[in-house]
Amino acid sequence: MSLYLVAAEASGDLLAREVAEWVRRKSPGTEINGIGGAELAAAGITSPIDISPLSVLGFAEGIRAYADVVRLADAAAEDICRRRPKVVVLVDSWGFMLRVAQRVRARDPSLRLVKLIGPQVWATRPGRAATLAATVDHLLCMHEIEAPYYEPFGLKVTVIGNPALTRSGRGDGAAFRTRYKIGADEPMLLVLPGSRRSEVASVAPVLMDAARMVRHGLPAVKVVVLPAGPVQSEFARRFPDAAEWARIVTNPDERYDAMAAATVALACSGTVTSEVAMQGAPMIVGYKTGWITWALARGLLYRKVHITLLNILNGDRQIVPEFVQTRLKAGSIAGKALEWLRDPVEREAQRARQSAAMSALVRDGKPAAETAADAVLAELQLAQRPLIGT
């Protein structure tokens, strides 16, 4: 049996690697190839194309990168059809993966296509449900609220849970503090500046300025910055002096330890916010996109008040403070962070609010990646059936 995984961004690359590892545990004879980044490479799956140009953000930015998207979608489809795997798993990255799926379907309709993580149809553009149903054979989504959007179109749907919440247990915050000589009672501010180049350009400068302000207002605070793997070089280029006043942690294996160690976290909106909430750190979320994207989203596309999953799935209430677009200001973020750092009662109240809200996200049972692997293996078995008896 042969499987092909495609991942274009950091969070998808990690999930693809986890699914590949579970498939290997359960079906060691399965051949796995794929396109991805460092995570898939760490699992021994070498990407035939460089997907780094896909680190873009928003509608307008996506238009500017459209030539890269088309070129890479063509290259991905060509490699997939050349290898002719039984099942292709397309991880996250809606726009790019849709183009890959459409090209593969046109060239070789016999290949079974699985979309791992669907578009957020419950928040914006529900019409994408029909588009996806017409393109792939099976959707593996995170939340129960997604399934009803696809039922009218007959797409097979499996709910796997949120990978960020089943990825591991609590990090070892005490060990992290010991490694970096941060006292158990010293305040620690963790900065998570984003996983895309565009986020490092638009969101990270504000978060870093806010961290500087916090350090100025509370000199005892220890600032730790955790740039995502795909953007570490971009982060270093944009913030060459950061290591002079903050600890820059580049080892991905320490991410959960750092989150568990944090007194307060400043995070760019994304998958990482669920991970921070899981580790129990009071969190402030920031985000900014291009103005064309923002205008379209607020005027035509986006149907929710908030952008953080923890807020959206709890009745679209602001449990985690959000500073978005015009409100993304370093002074406002620093003020909220200092409030929590100076007031342990309010900080613990925020921690409790986040913990209670997590109940809407956590599913009982096995890890999301294992559930996804089981579904993929079932698809492989389906793909094998026509060969029986030949």
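Please work out which one of (1) modelled with pLDDT of 90 or more; (2) surrounded by fewer than 16 Cβ atoms within 10 Å (Cβ to Cβ) is the condition residue 126 fails and give its number.
If we test residue 126 against (1) modelled with pLDDT of 90 or more; (2) surrounded by fewer than 16 Cβ atoms within 10 Å (Cβ to Cβ), just (1) comes out false.
Run down 174, 201, 246 and say which single residue is among the small types (Gly, Ala, Ser), touching a residue at least 60 places away in the same chain (Cβ under 8 Å) and in contact with a helix residue (DSSP H, G or I) (Cβ under 9 Å, 6 or more places away or on another chain).
Only one candidate passes the filter, namely 174.
Looking at 75, 38, can you tell me which residue is among the hydrophobic types (A, V, I, L, M, F, W, C), touching a Gly at 6+ places or on another chain (Cβ under 6 Å) and open to solvent by 10 Å² or more (accessible area, probe 1.4 Å)? Break it down stepwise before answering.
Details: 75 fails: touching a Gly at 6+ places or on another chain (Cβ under 6 Å).
Going through 75, 38 in turn, the sole match is 38.
Given the conditions (1) surrounded by 20 or more Cβ atoms within 10 Å (Cβ to Cβ); (2) free of Cβ contacts under 8 Å to residues at least 60 places away in the same chain, and given that residue 106 satisfies all but one, which numbered condition is not satisfied?
(1)
Before we move on, is residue 365 out of contact with any strand residue (DSSP E or B) (no Cβ under 7 Å at 6 or more places or on another chain), of a type outside the set (D, E, K, R) and modelled with pLDDT of 95 or more?
no
So which of 99, 82 is in a helix (DSSP H, G or I), open to solvent by 60 Å² or more (accessible area, probe 1.4 Å), basic (Lys, Arg) and touching a residue at least 12 places away in the same chain (Cβ under 8 Å)?
Only one candidate qualifies: 99.
Please enumerate the residues belonging to the range 247-288 that are outside any helix (DSSP H, G or I) and surrounded by fewer than 21 Cβ atoms within 10 Å (Cβ to Cβ).
If the condition is that a residue be outside any helix (DSSP H, G or I) and surrounded by fewer than 21 Cβ atoms within 10 Å (Cβ to Cβ), then 247, 248, 249, 250, 251, 280 are the ones that fit.
In the range 236-283, what count of residues is obtained for those that are closer than 11 Å to residue 192 by Cβ and hydrophobic (A, V, I, L, M, F, W, C)?
As a first pass, look at the range 236-283 and keep what is closer than 11 Å to residue 192 by Cβ: 249, 255, 258-259, 262, 265-273, 275-276, 281, 283.
With hydrophobic (A, V, I, L, M, F, W, C) added as a condition, the list becomes 249, 258-259, 262, 265-268, 272, 276, 281, 283.
Summing the residues that are closer than 11 Å to residue 192 by Cβ and hydrophobic (A, V, I, L, M, F, W, C) in the range 236-283 gives 12.
Scan the range 146-157 and tell me whether some residue there is of a type in the set (Lys, Arg), touching a helix residue (DSSP H, G or I) at 6+ places or on another chain (Cβ under 6 Å) and over 23 Å from residue 11 (Cα atoms).
Among the residues of the range 146-157, not one is of a type in the set (Lys, Arg), touching a helix residue (DSSP H, G or I) at 6+ places or on another chain (Cβ under 6 Å) and over 23 Å from residue 11 (Cα atoms), which makes the answer no.
Only one residue in 339, 322, 348 is charged (D, E, K, R) and either farther than 22 Å from residue 212 by Cα or at pLDDT below 85 (or both), so which one is that? First the steps, then the outcome.
On the way: 339 fails: either farther than 22 Å from residue 212 by Cα or at pLDDT below 85 (or both); 322 fails: either farther than 22 Å from residue 212 by Cα or at pLDDT below 85 (or both).
Within the list 339, 322, 348, the selection yields 348.
Please work out if residue 186 is farther than 21 Å from residue 347 by Cβ and among the charged types (D, E, K, R).
No.
Which one of these is modelled with pLDDT of 95 or more and surrounded by 16 or more Cβ atoms within 10 Å (Cβ to Cβ): 3, 14?
That would be 3, the only listed residue that is modelled with pLDDT of 95 or more and surrounded by 16 or more Cβ atoms within 10 Å (Cβ to Cβ).
Take the residues in the range 148-162 that are assigned to a helix (DSSP H, G or I) and within 17 Å of residue 94 (Cα to Cα); name whichever of them is most open to solvent (accessible area, probe 1.4 Å). Write out each step before concluding.
Looking only at the range 148-162, we keep the residues that are assigned to a helix (DSSP H, G or I), and these are 148-153.
Checking the rest, the ones that are also within 17 Å of residue 94 (Cα to Cα) come to 149-150.
Working: 149: 73, 150: 0 Å².
The residue in question is 149.
Suppose the filter is touching a strand residue (DSSP E or B) at 6+ places or on another chain (Cβ under 6 Å), part of a helix (DSSP H, G or I) and either more than 24 Å from residue 114 (Cβ to Cβ) or touching a residue at least 24 places away in the same chain (Cβ under 8 Å) (or both); does residue 165 pass it?
It is false that residue 165 is touching a strand residue (DSSP E or B) at 6+ places or on another chain (Cβ under 6 Å), part of a helix (DSSP H, G or I) and either more than 24 Å from residue 114 (Cβ to Cβ) or touching a residue at least 24 places away in the same chain (Cβ under 8 Å) (or both).
Out of 166, 178, 124, 135, report the one residue that is touching a Leu at 6+ places or on another chain (Cβ under 6 Å) and not charged (D, E, K, R).
Values: 166 fails: touching a Leu at 6+ places or on another chain (Cβ under 6 Å); 178 fails: touching a Leu at 6+ places or on another chain (Cβ under 6 Å); 135 fails: touching a Leu at 6+ places or on another chain (Cβ under 6 Å).
Answer to the check: 124.
Across the range 102-140, what is the total count of residues that are in a loop (DSSP other than H, G, I, E, B) and over 19 Å from residue 271 (Cα atoms)?
Residues flagged as in a loop (DSSP other than H, G, I, E, B) and over 19 Å from residue 271 (Cα atoms) within the range 102-140 amount to 11.
Can we say residue 189 is of a type in the set (A, V, I, L, M), at pLDDT below 95 and open to solvent by less than 70 Å² (accessible area, probe 1.4 Å)?
no
For residues that are modelled with pLDDT under 95 and open to solvent by 30 Å² or more (accessible area, probe 1.4 Å), scanning just the range 216-233, find the one that is farthest from residue 260 (Cα to Cα).
Per the stated criteria, the residue is 233.
The values are calculated or read from the model by the stated rules, or taken from the named source; none is laboratory data. Since this is a predicted model, take the numbers as computed values, not measurements. Note that each Cβ is placed from the backbone with ideal geometry, even for glycine, and that neighbours are counted across all protein chains shown. In case anyone asks, the SASA skips ligands and DNA or RNA and just uses the protein heavy atoms, side chains included. Shrake-Rupley method; radii C 1.70, N 1.55, O 1.52, S 1.80 Å.
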